[in-house]
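Visitor: Quick one: the structure is below, questions incoming.
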Protein chains: 2
Amino acid sequence: MQSNLPHLQSTFTTDCVIFGFQGGELKVLLIERNEYPFKGWWALPGFFVEHSETIDDAVERILYEHTGLRGIYMEQLYTFGDLKRHPQGRIITVAYYALLRLDDLESQPVPVTDYARQAVWHPLNNLPELGFDHGHIIDKAIQKVRRKISYSPIAFELLPEKFTLTQLQQLYEAIWGRKLDKRNFRKKMLNYNILKELSEFQRGVSYRAARLYKLDKRKYAKVFQNELTFSR
Amino acid sequence: MQSNLPHLQSTFTTDCVIFGFQGGELKVLLIERNEYPFKGWWALPGFFVEHSETIDDAVERILYEHTGLRGIYMEQLYTFGDLKRHPQGRIITVAYYALLRLDDLESQPVPVTDYARQAVWHPLNNLPELGFDHGHIIDKAIQKVRRKISYSPIAFELLPEKFTLTQLQQLYEAIWGRKLDKRNFRKKMLNYNILKELSEFQRGVSYRAARLYKLDKRKYAKVFQNELTFSR
DNA sequence: ATTTAATAGTGTAACAAATACACACTATAT
DNA sequence: ATATAGTGTGTATTTGTTACACTATTAAAT
């Protein structure tokens, strides 16, 4: 903010907590690092932000490098700048979180970068030890998502296009870590009038097939502006 | 996040949206810049973060330099990193907001830094044109505060220790930009049980003096953890 | 053909919270 | 004494939240 300072190279990173939902469980995509520091450790996907890209662009790039997908829902989370968080000196990281439809992935993601040896989905409730302050970043991310699904329909970013109400409920339960009443959940959710009831049903299950729903995009957009109040 | 990179000086700034409440109005402390770029323009207080301080420390320092106060409530807001936001190249800024009891200030604040010629409280609804992307940062800050007073008792950070219910209501009205019903407001606020009714009353008013209240710190702390739901 | 297992799908009563709404009271200034 | 300006209070209505249990449907196993 001051003048007469040298034109310095920016040195900050971005790290991204990528959430997915599968088998009734929330998962986080972690990489095994192939570079020092923390070589061989698990960590969040993330890298230095290039000089010519915005932070959002850098995150989109990182998401693409690790998942092969573009246009993933993402939001800035917090900027971490403790003096000791990076062994090479104080390097701040602008952390993001992203929400991903796991069924959009064709297979286990293969990162196309050098700094990651592999990328693996880990259940949120059973994470390995992480390098840097990445454990802390994930904590903050889940807290944010927990709050945000109460007033914003971001949960749908984690579900396939067509989903059952039970899947939606299980997702809320996974994020909040608490069981919900089926009848009350359905009543409330259908009352928002943001779901379109399809005439399609689940297939390949050995019990009564559930009806599929999808978002009504127009109403969804309105709700995104106005805010929901979804609690308990 | 990668190794074998030179140990570079960090070059990022922090800017702080300092809110105050006076005369039923929300105000923002702006400085008149005494340095290029944007010399002579109004802008947010903010500066480069030193290499040896955390971001929080830098913000506390900046708050102290401009208000003479320590221990002000503050929270990180967002990190802005557009390529064009700073004329000297891409310098990101980690923006914070702070809430200040204006009656704690003895007089108009005098900044002790070189880069500010003066610091002046401006009504939020009538701001001058600002340098950098600072207008945008203020927008984002007020949105955040607007949401946050719905679930967290941060409003009290803007009021004197002893306040009337009408002052509290006017503060909510100023932040939300909407009139509230007096009876409903009082019922709801008193129901949270976080206020202590004093036997003191307002003085020096030419009409019926209002009762003073203050926070019950113990109950306040609990509510801070558990969250309120204060809407409408 | 019948049974079993697994999950889908549905309604109501009780309670709590939010809203809408109007008038009497009190301190001071003149 | 009276005008002024803001304080302080209650209730009925509507809306939202909670608690709670059984029947329906399908595929698989027998």
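Visitor: Where does the charge balance sit around A:G81 when Lys and Arg score +1, Asp and Glu -1, over other residues with C-beta under 13 Å from its C-beta?
Guide: Working: positive: A:K84, A:R85, A:R90; negative: A:D15, A:D82, A:D133, B:E50, B:E53, B:D56, B:D57.
After counting each charged neighbour, the total is -4.
Visitor: Please get the size of the charge dipole for chain B, origin at its Cα centre, with Cβ charges of +1 on Lys and Arg and -1 on Asp and Glu, quoted in debye to the nearest 20.
Guide: Dipole about the Cα centre, nearest 20: 1480 debye.
Visitor: Can you list the aspartates and glutamates whose alpha carbon is less than 15 Å from that of A:K196, not counting same-chain residues fewer than 8 positions off?
Guide: Here the aspartates and glutamates satisfying the reach criterion relative to A:K196 are A:E161, A:D216.
Visitor: May I ask you to find the residues of the range A:111-152 that are shielded by at least 40 Å² of accessible area once the whole protein assembly is considered instead of their isolated chain (probe 1.4 Å)?
Guide: When all protein chains are present, A:R147 each give up 40 Å² or more of accessible surface.
Visitor: Classify chain A as rounded, prolate or oblate from the Cα gyration tensor: take a ≥ b ≥ c as the square roots of its eigenvalues, call it rounded if a/c is under 1.5, otherwise prolate when a/b beats b/c and oblate if not.
Guide: It is prolate, given that a/c is not under 1.5 and a/b is the larger ratio.
Visitor: Further, regarding this structure: Out of residues 5 or more away from A:Q22 or on other chains, whose amide H comes under 5 Å of its own, with H placed 1.01 Å from N in the peptide plane?
Guide: Close amide H contacts, sequence-distant or interchain: A:K27.
Visitor: List the residue from chain B whose beta-carbon is nearest to the axis that rotates chain B onto chain A, together with that distance in whole Å.
Guide: For the rotation taking chain B to chain A, the closest Cβ gives B:T79, 2.
Visitor: Nm distances between the label at A:T166 and the same-position labels in the remaining copies, 7 Å along Cα→Cβ, shortest first?
Guide: 5.9
Visitor: Oh, and also: If the limit is 24 Å between Cα atoms, which of A:K217/B:K188; A:K140/B:K148; A:K162/B:K148 go over it?
Guide: Long pairs (Cα-Cα over 24 Å): A:K217/B:K188; A:K162/B:K148.
Visitor: Go through A:E173, B:E60 and list them by solvent-accessible area, largest first, probe radius 1.4 Å.
Guide: Output order, biggest surface exposure first: B:E60, A:E173.
Visitor: What angle, in degrees between 0 and 90 and rounded to the nearest 10, separates the Cα long axis of helix B:182-191 from the longest principal axis of the Cα atoms of chain B?
Guide: 80
Visitor: Please compute the per residue accessible area over chain A with all protein chains in place, 1.4 Å probe, rounded to a whole number of Å².
Guide: Value returned for chain A: 50 Å² of accessible area per residue.
Visitor: Quick check for me: using +1 on Lys/Arg Cβ and -1 on Asp/Glu Cβ, what's the dipole size of the range B:154-226 about its Cα centre, in debye to the nearest 20?
Guide: Working: 17 positive and 7 negative charges, 54 e Å.
For the range B:154-226, the charge dipole is close to 260 debye.
Visitor: Could you tell me the relative contact order of the range A:154-226? Use alpha-carbon pairs under 8 Å, at least six residues apart, and round to a whole percent.
Guide: Values: 65 pairs, mean separation 24.0, N = 73.
About 33 percent, as a whole number.
Visitor: Okay, next question. Note down the net charge around A:E129, summing +1 for each Lys or Arg and -1 for each Asp or Glu among other residues with Cβ under 15 Å from its Cβ.
Guide: Surrounding charge for A:E129 is -1.
Visitor: Please turn the phi angles of the range A:43-59 into ³J(HN,Hα) values with the Karplus equation 6.51 cos²θ - 1.76 cosθ + 1.60 (θ = phi - 60°), one per residue in order, whole Hz, x for glycine and proline.
Guide: With coefficients 6.51, -1.76 and 1.60, one gets 7, 6, x, x, 7, 4, 7, 5, 5, 9, 10, 6, 5, 4, 4, 4, 5 Hz.
Visitor: Right, something else. Tilt of helix A:165-176 relative to the longest C-alpha principal axis of chain A, in degrees (0 to 90, nearest 10)?
Guide: That helix lies at roughly 40 degrees to the long axis.
Visitor: Over the range B:1-136, with every protein chain in place, what whole percent of the accessible area is carbon and sulfur at 1.4 Å, could you tell me? Don't jump to the answer; show the numbers that get you there.
Guide: Values: 2620 of 5730 Å².
Roughly 46 percent of what the probe reaches on the range B:1-136 is carbon or sulfur.
Visitor: Estimate for me the total accessible surface buried between chains A and B (protein heavy atoms, probe 1.4 Å, no ligands or nucleic acids), in Å² to the nearest 100.
Guide: On the way: alone 13450 and 13410 Å², together 23080 Å².
Buried surface at the A/B interface: approximately 3800 Å².
Visitor: Given label points at 7 Å from Cα along Cα→Cβ, what nm distances, shortest first, separate A:D139 from the same residue in every other copy?
Guide: In nanometres, ordered from closest: 3.5.
Visitor: Please list, ordered by chain and number, the residues whose modelled amide H lies under 5 Å from the amide H of A:A210; skip anything fewer than 5 residues away on the same chain.
Guide: A:Q202
Visitor: Ok, one more. Residues with beta-carbon under 14 Å from that of A:P109, excluding A:P109: net charge, scoring Lys, Arg +1 and Asp, Glu -1? Please list the in-between numbers first.
Guide: On the way: positive: A:K27, A:R70, A:R101, A:R117; negative: A:E32, A:E65, A:D103, A:D104, A:E106.
In short, -1.
Visitor: Where is the GNM fluctuation largest for chain B (alpha-carbon springs, 10 angstrom cutoff): B:R178, B:R203, B:R146?
Guide: B:R203
Visitor: Is the shape of the range B:154-226 rounded, prolate or oblate, going by the alpha carbon gyration tensor and its root eigenvalues a ≥ b ≥ c, with a/c under 1.5 for rounded and a/b larger than b/c for prolate? Mind dumping the intermediate values first?
Guide: Working: a/c = 1.73, a/b = 1.21, b/c = 1.43.
Cα axes put the range B:154-226 in the oblate bin.
Visitor: Hey, can you grab everything whose amide H is under 5 Å from the amide H of A:W41? Only 5+ residues off in sequence or another chain; H modelled, so Pro and N-termini drop out.
Guide: Excluding prolines and chain starts, which carry no amide H, the hits are A:R33.
Visitor: Let me check against my output: what whole-number percent is the relative contact order of chain A, with C-alpha pairs under 8 Å and at least 6 apart?
Guide: Values: 377 pairs, mean separation 48.1, N = 232.
The value is 21 percent.
Visitor: With +1 assigned to the C-beta of every Lys and Arg and -1 to the C-beta of every Asp and Glu, and no other charges, what is the dipole magnitude of the protein assembly as shown about the Cα centre in debye, to the nearest 20?
Guide: So the dipole magnitude of the protein assembly as shown works out to roughly 2960 debye.
Visitor: What are the ³J(HN,Hα) couplings of the range A:71-87, residue after residue, when phi is run through the Karplus curve with 6.51, -1.76, 1.60 and θ = phi - 60°? Round to Hz, x for glycine and proline.
Guide: Result, rounded to whole Hz: x, 6, 5, 8, 8, 5, 10, 5, 10, 9, x, 4, 5, 9, 5, 10, x.
Visitor: Report the one residue of B:P111, B:S199, A:F19 whose Cα lies farthest in the direction of the positive end of the charge dipole of the protein assembly as shown (charges on C-beta: Lys and Arg +1, Asp and Glu -1; origin at the Cα centre).
Guide: Value: B:S199.
Visitor: How large is ³J(HN,Hα), in whole Hz, for each residue of the range A:150-162 in order, when computed from phi with the Karplus curve 6.51 cos²θ - 1.76 cosθ + 1.60 and θ = phi - 60°, using x for Gly and Pro?
Guide: Karplus values, whole Hz, x for Gly and Pro: 7, 10, 8, x, 6, 4, 5, 5, 9, 9, x, 4, 10.
Visitor: Something else now. Taking a ≥ b ≥ c as the square roots of the Cα gyration tensor eigenvalues, with a/c under 1.5 meaning rounded and otherwise prolate when a/b beats b/c, else oblate, which class fits the protein assembly as shown?
Guide: oblate
The values are calculated or read from the model by the stated rules, or taken from the named source; none is laboratory data. Worth saying up front: this structure is predicted, and the values here are computed from it rather than measured. Using ideal geometry, Cβ is built from the backbone for each residue, glycine included, and neighbour counts are taken over all protein chains shown. Protein only, heavy atoms only, side chains kept; ligands, DNA and RNA dropped before computing areas. Shrake-Rupley method; radii C 1.70, N 1.55, O 1.52, S 1.80 Å.
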